1. How high is the FRET efficiency from Tyr226 to Met1, r the C-beta distance, R0 25 Å, rounded to 0.05?
2. Go ahead and run the numbers for FRET between Leu128 and Leu32, Cβ-Cβ distance against an R0 of 41 Å, rounding to 0.05.
3. From the phi of every residue in the stretch 171-184, what ³J(HN,Hα) in whole Hz does the Karplus formula 6.51 cos²θ - 1.76 cosθ + 1.60 yield, where θ is phi - 60° and glycine or proline is x?
Amino acid sequence: MSGLAALFFVTALLYAAVGFGGGSTYNALLVLAGADYRAVPVIALACNILVVSVGSWRFARGGHVDWRRIWPLFALSIPCAWIGGRLVVAETVFVGLLALSLFAAGLLMLWQPLGQREGPPRLASRWLEPVAGGALGFLAGVVGIGGGIFLAPLLYMLRWGSPRAIAGTSAVFILANSIAGLAGQLAKGSGAGAAILADYWPVFPAVLAGGLIGATLGSSRIDPKYVRILTALLILYVAARLAIRFYGETLGAGA
């Protein structure tokens, strides 16, 4: 358990530095560690909440969150995250969807710092933010992530704001979706999800410490671009490990 807690600490530190919670990687680490897949989203979302609560406060305190501007992103994301959390999915579907989400997130995060261009904001439909928020919220609830790793690339593409403004917005977005998704997961009445939290208690202080350090560095001291590249490489590595396991289980089941 100490090794898993150490991995959670590093994950929280890296993700928090760019305004993310780390839910996608927590999920993968738990699956690879053999945790009950029904409990995995509950643990990951609880860790997300701890990390991005610190991150949201740090970025907001630094003036990087425009509360009047970000509300359209939450209009559909919060109810959709709750609905996604309520949805019951098979283990193979959950692991496969998680692996695909990780690959997509890693590639998008690599693209962000390499493909970012300066310029005025791009015009977009007024429905884009609510619809995108709803879709990401639903995915967040099902898989046990916050959705920020997909939101940030969209905001970068739209030239929505500065890197720290996007990081702060992503942190608040993840916090709201994680709370709603966790509520949906617990509403399913999965005894495994609630009971296993006590067994994995060391990961919670680990992510809280990592999130505090990462958010402090990311909100004021280091260039998020370089941390994002390192985080993307970590995500792709974990995604490959998860995909190999998923392929092996699927192949074994079909034999």
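Just so it is clear, none of the values below were taken in a lab; they were calculated from the coordinates. Being a predicted model, the structure only gives us computed values, none of them experimental. Neighbour counts are summed over all protein chains in view; Cβ atoms, including those assigned to glycine, are modelled from backbone coordinates with ideal geometry.
1. Using R0 = 25 Å, I get an efficiency of 0.20.
2. 0.70
3. 4, 5, 4, 5, 4, 5, 5, 5, 5, 5, x, 5, 4, x
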